[in-house]
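What follows is a single structure, written as structure tokens, with notes after it.
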Amino acid sequence: MIRIFAALCILVLLAVQPAEAGLFDKNPASASAIPPVGAPMSFADLADTLSPAVVNISSTKKMDMSEGQAVPIMPDLPPGSPFEEFFKNYQNRNPLENPEGPMEAPVTSLGSGFIIDAAKGLVVTNNHVIKDADEVRVTLADNTILDAEILGRDEKTDLALLKIKNGTHKLTAVSFGDSDKMRVGDWVLAIGNPFGLGGTVTAGIISARKRDINAGPYDDFIQTDASINRGNSGGPMFDLKGEVIGINTAIYSPTGGSVGIGFAVPSNLAKPVIDQLIQYGKTRRGWLGVKIQTVTEEIAESFGLKGVHGALVASVTPKGPAEESKIQAGDIILEFNGQKLDAMRQLPRIVAETPIGTKVPVKIWREGKEIRLEAKVGELEKAEETGLVETAQNPEGETASKTTEIASLGVTTAAISPALRQVYNIPDDVNGVVITTVKTGSDAMLKGLSAGDVIIEANQQEIKDVAALTSVVADVQKQGKNSLLLLVDQAGQGDVRFVAVKFTPAKKDKK
């Protein structure tokens, strides 16, 4: 009986051994190499198809070396001296003096780009790649080098359009996709020329959308963790369909190399700009003629607006489209041309993309109710040329004039005197109360108020002197409100904005 049981155990072991051996024979690495559901097995086919449309760009700028620049001069040697030939050869390699005029030293910039029209040889890149360039060359994927000319550029979105001077060389083009359809977590492919190494492919995902990195007035960047380095600028970011959904433009890098935070201009922002550069050789953006600011919770409460949305009009440009359409300072623009404004920063882009001369509906919030107006969109570039769009300057200086502290606002104020106008450079047509000091740590300081700012209105009431301001402060506090809405001329330079300042609670005496 014991022998029979032992024989059965041996048979069971023999039967199990092959199956168990098969399990251990498997390579663990092969299991971990299987991509997750929805991920491509490989980007190789996509890279093969798209790479011919991506070009490397080198731009050269010639710099004149001034006569005052210290350079070694060839010594005065006797004819036939053994050192004469040596110094001539050295001068040919490293020009030390130029009797015919100022010397020119080339400065080279390297970047990337991509072809959008094979027949016309049109290439898109970043403006900073070819800025101030005297010569531009593109290198194709097969290492063919061709000259190119700059057709147009746009500094506000950092985009430029080139045209390859091509003979019979066959080009490959790619097309723009819809960047608005991209979601955080979607795969993307970047192809470019990092550090001048040539065609390099990197992959990653979309890390975030609608990033504002203070690069320009229309910031709406796509953030990605695909490796982007110096030289990738101007190169395309593709989706898995092989369409360009972004133009790689900037990186965040404390080290100078990729740390997994790159930014690309969305295709839906870039395409209208490129279309205008093709048609006009420059941009022609819509213009409304207002200075706007963010609607905060305090500002929304002060205006009786439910919810934090829209764009608050701080000032209106004289003779601009907004003034002609009766838009006023203190209005909150809720909708423009049928598009709702969830945030202030949406308005500049919506207006810019609206055709010039178009009459559009505008919904505003004024005096506690919605009002509908109609505005005719102007041209931003024309307004800049004629000086309608100006940049404010910030003055410096302090004053020792008689002042009044308003503790609940965290500011010290004074009546505007001729001396204060001179100290803070306040124009004669600006009236109100000037801020002389702002208390450290106060809400006024956090909101950006500083010495030299002029309070024009408080609680939408005109302020002519300090007494009027203190009276309004007392009235608003009696109403139980937590903040006071001020209209401030920033440092007296015409940069007018609304500021909602929270009251500082009065200190209670200890008993």
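The values are calculated or read from the model by the stated rules, or taken from the named source; none is laboratory data. The model shown is predicted, which means the values in this text are computed figures rather than measured ones. Positions of Cβ are generated from backbone atoms using ideal geometry, with glycine treated the same way; all protein chains shown enter the neighbour counts.
Structural remarks
- From Leu277, Leu288, Leu269, Leu341, residue being crowded, with 19+ Cβ neighbours inside 10 Å, of a type in the set (A, V, I, L, M, F, W, C) and touching a His at 6+ places or on another chain (Cβ under 7 Å): Leu341
- Just one of (1) more than 21 Å from Gly199 (Cβ to Cβ); (2) in a loop (DSSP other than H, G, I, E, B); (3) touching a Lys or Arg at 6+ places or on another chain (Cβ under 9 Å) fails for Gly257. It is (1).
- So Lys363, is it over 18 Å from Ser315 (Cα atoms) and either at pLDDT 85 or above or assigned to a loop (DSSP other than H, G, I, E, B) (or both): no
- Condition check for Gly330: touching an Asp or Glu at 6+ places or on another chain (Cβ under 9 Å), assigned to a loop (DSSP other than H, G, I, E, B) and under 23 Å from Gly304 (Cα atoms): yes
- Elements of type strands (runs of 3 or more DSSP E) in the stretch 439-511, at least 1 residues being surrounded by 14 or more Cβ atoms within 10 Å (Cβ to Cβ) and modelled with pLDDT under 85: 483-490, 495-502
- Test: residue in the stretch 211-222 that is assigned to a loop (DSSP other than H, G, I, E, B), of a type in the set (A, V, I, L, M) and farther than 23 Å from Val273 by Cα: no
- Just so you know, in the stretch 365-376 the residues that are touching a residue at least 12 places away in the same chain (Cβ under 8 Å) and out of contact with any Lys or Arg (no Cβ under 8 Å at 6 or more places or on another chain) include one that is nearest to Val273 (Cα to Cα), and it is Trp365.
- First in the stretch 145-174 and in a strand (DSSP E or B), second anywhere and among the aromatic types (Phe, Trp, Tyr), Cβ under 9 Å, 6 or more apart: Gly152/Tyr280
- Summed over the stretch 311-352, the residues that are hydrophobic (A, V, I, L, M, F, W, C) and in contact with a Ser or Thr (Cβ under 9 Å, 6 or more places away or on another chain) give a count of 7.
- Complete set of residues in the stretch 109-124 that are assigned to a strand (DSSP E or B) and either of a type in the set (Gly, Ala, Ser) or within 26 Å of the chain's Cα centre (by Cα) (or both): Ser109, Leu110, Gly111, Ser112, Gly113, Phe114, Ile115, Ile116, Leu122, Val123, Val124
- For the stretch 245-264, filtered to residues that are out of contact with any Gly (no Cβ under 6 Å at 6 or more places or on another chain) and either crowded, with 19+ Cβ neighbours inside 10 Å or in the same structural domain as Arg349 (by TED's automatic domain parsing) (or both), the residue that is modelled with the lowest pLDDT is Ser258.
- Selection within the stretch 125-144 - within 14 Å of Ser59 (Cα to Cα), more than 22 Å from the chain's Cα centre (by Cα), charged (D, E, K, R) and not in a strand (DSSP E or B): Asp134
- Condition check for Asp219: surrounded by fewer than 22 Cβ atoms within 10 Å (Cβ to Cβ) and free of Cβ contacts under 8 Å to residues at least 12 places away in the same chain: no
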